[in-house]
Amino acid sequence: MATIRSFDGVLELAPVAGSDFPEVAWGDHFFYFAPDGVVPARQQPYATFVTKNYPDDTASNLDEPDRWRLNIHVGATVFLELTGETPRSGQRSWDYAADDEVVPHPVYRRQGWVSITNPGPRTTALAIRLLREAHAALG
């Protein structure tokens, strides 16, 4: 997370216990391009770090120990380059729980999101590149 935190104009939203945000979001991190320091009213984050399953998102097995997932909005063109599919096709069966692999986001693929569970040696450099590109696309 140190790399993304260093981007100019990045705003990190990290809900904690007792905050105004839903309990399910506590402990996760949401990254926006917001040079004014205000969460954009009409914009989703371009990247998230998720540390647990959500009710509609369990395919990555994030409730198991030492698991987390990086999610990045890459858009249709990069999505196709990374997965060989368009965001709306979904012809291939994916192992969303595989570590250190770029896969379509299990819920938000249709919006051009990819995911990496437990990024490691195979995906870290690519993840940093994708994060920079997603950030720059909004700036």
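Extension gain for residue 56-residue 21 works out to 10.8 nm (0.36 nm per residue, less the C-alpha to C-alpha distance).
Cβ crowding within 10 Å, taken as a proxy for footprinting-reagent exposure, orders 64, 12 from fewest neighbours to most as 64, 12.
What does the C-alpha gyration tensor say about the overall shape of segment 71-139? Classify as rounded when a/c is under 1.5, otherwise prolate if a/b is larger than b/c, or oblate. In terms of gyration-tensor shape, oblate. When 96, 46 are arranged by Cβ crowding within 10 Å, least crowded first, meaning fewest neighbours, the order is 96, 46. Taking every DSSP beta bridge with both residues inside segment 2-138, roughly what % is antiparallel (nearest 5)? Around 95 percent of the beta bridges assigned by DSSP in segment 2-138 are antiparallel ones. If you take the square roots of the eigenvalues of the alpha-carbon gyration tensor of the chain and sort them as a ≥ b ≥ c, do you get rounded (a/c under 1.5), prolate (a/b over b/c) or oblate? It comes out oblate by the Cα gyration axes.
Averaging the sequence gap over all C-alpha pairs within less than 8 Å and six or more residues apart, then dividing by the number of residues, gives the chain a relative contact order of 20 percent.
Ranked by the mean number of other Cβ atoms within 10 Å per residue, highest first, peptides 101-108, 82-89 order as 101-108, 82-89.
Calculated FRET efficiency, residue 133 to residue 89, Cβ-Cβ distance, R0 = 25 Å: about 0.70 to the nearest 0.05.
Values in this text are rule-based calculations from the coordinates and carry no lab data. Treat the numbers as computed from the prediction; the structure is a model and nothing was measured. When we count neighbours, we look across all protein chains shown, and the Cβ atoms used for this are built from the backbone with ideal geometry, even at glycine.
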